[in-house]
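Have a look at the structure below before the remarks.
What follows is calculated from the coordinates using simple rules that are stated; it is not laboratory data. Computed from a predicted model, the values in this text were never measured in an experiment. All Cβ positions, even for glycine, are placed from backbone atoms using ideal geometry, and neighbour counts span all protein chains on display.
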Amino acid sequence: MPEIARRGLLIGAGIAGGAGLARAAAPPDTPRPLWTAEYWARKGEVSLYLYRKRLAAPAPGEANPPVLFLVHGSSISARPSFDLMVPGAGEYSLMDVFARDGFDVWTMDFEGYGRSSVTEGNSDIASGVADLRAGTDVVARETGLRKAHFMGESSGAIRAAAFAMAEPERVDRLVLEAFTYTGKGSPTLGKRAEQIDYYRTHNRRPRGIDMIRSIFTRDRPGTSDPRVADALAAAELPFGDTVPTGTYLDMTAHLPLVDPKRVCAPVLIVRGQYDGIATDADLLDFFAQLPNPDRQYAIIAG
């Protein structure tokens, strides 16, 4: 089963309680065009880019479908992360999968990423929480819904969980993919910490094609399609070859940043079998402390 189909099934299970999962697993043979729109949020002088996909344009008087907000990680901006097209390789747009399944799907570039303002800041987790406040204000204005489902990956999962902790009334269900809690025993973070002095003294770090390709091989070579890495690099590198250091610094020097006892939403934790960003022991410690009994822990094989 393609990676996006497995992710779709798991995330769909966490968000929708199993509804419509056959549709989420794969695109139709001749998919209907999806409606898209772009928006801007303001955080002081910072402009934040938002992108939206759904089955059709909103109609007057129509109830808005549930909102799914996708939260990107440390090295890749929003649309390459969640709306990637890989010709001949199958479905890799999580936005398309969930828009076809009836969700109103949103994503946003954090400060310093993609189409959003590039500033002198380092776009750390706290900055990301402020970005999410600004972005979800736009979502609420456009949809009439103050509450949304959230899915974050890697540092995006930390941002999403920190937002759920700070703004519990804004979060319905929460999916944390490639999350890390304390970082204890993580080989990826151990290697990353070798550059901690650089992260402390620089607000941006190099992020070229070799680094993007390494995302797909650092844990276990041969578990991903190299065409996806090249498509991701082609989509992302037009935004430049550097990205902020804030989340790398937070993940190597400041963990834990989320108190599981203060995350009240239903939670699905998803990790890859070979993911080096966290250990099962670390994540299961977090999982055991979650107060909501509506919680799931899933491992994607391969």
Suppose each label sits 7 Å from its Cα in the direction of the beta carbon; what would the SER47-LEU237 distance come out to in nanometres?
2.6 nm
Be a star and scan the stretch 223-248 for residues whose amide nitrogen sits under 14 Å from the point 7 Å along the Cα-to-Cβ vector of TYR274.
223-226
Find the Rg to Rh ratio for the stretch 183-299, where Rh is the Kirkwood radius over alpha-carbon pairs and Rg uses the same atoms.
1.01
Label model pair ALA281, ALA89: point-to-point distance (7 angstrom along the Cα→beta-carbon line) in nm is 3.5 nm
Charged-residue dipole, Cβ positions (Lys, Arg, Asp, Glu), the stretch 3-300 about Cα centre, Debye nearest 20:
200 debye
Among all stretches of the chain without exposed GluC sites (Glu not before Pro) (DSSP loop, at most 14 other Cβ atoms within 10 Å), which one is longest?
121-302
Calculated FRET value between ALA63 and ASP294, using beta carbons and R₀ = 25 Å, to 0.05
0.55
Scattering curve values for the stretch 3-300, log₁₀ I(q)/I(0), Debye with Cα scatterers, q = 0.08, 0.11, 0.13 Å⁻¹
-0.31, -0.61, -0.88
At most 16 other Cβ within 10 Å, DSSP loop - trypsin sites (Lys or Arg not before Pro), the stretch 198-299:
ARG218
Taking the number of other C-beta atoms within 10 Å as the exposure measure, put PHE239, PHE69 in order starting with the fewest.
PHE239, PHE69
List the chymotrypsin sites (Phe, Trp or Tyr not before Pro) in the stretch 80-180 that DSSP assigns to loop (not H, G, I, E or B) and whose Cβ has at most 11 other Cβ atoms within 10 Å. Which are they?
none
Only helices counted: for the chain, with every DSSP H run of 4 or more residues adding -39500 (n - 2.57) and the sum spread over all residues, [θ] at 222 nm is -9500 deg cm²/dmol
Quick one: how many lysine pairs in the chain have C-alpha atoms under 24 angstrom apart, if they're 8 or more apart or on different chains?
5
For the stretch 3-300, what is the percent of antiparallel DSSP beta bridges, rounded to the nearest 5?
40 percent
Shape category assigned to the stretch 237-295 from the gyration tensor of Cα positions, a/c cut at 1.5:
prolate
Simple spin-label estimate for SER214/HIS254, 7 Å along Cα→Cβ, in nm, reads 2.3 nm
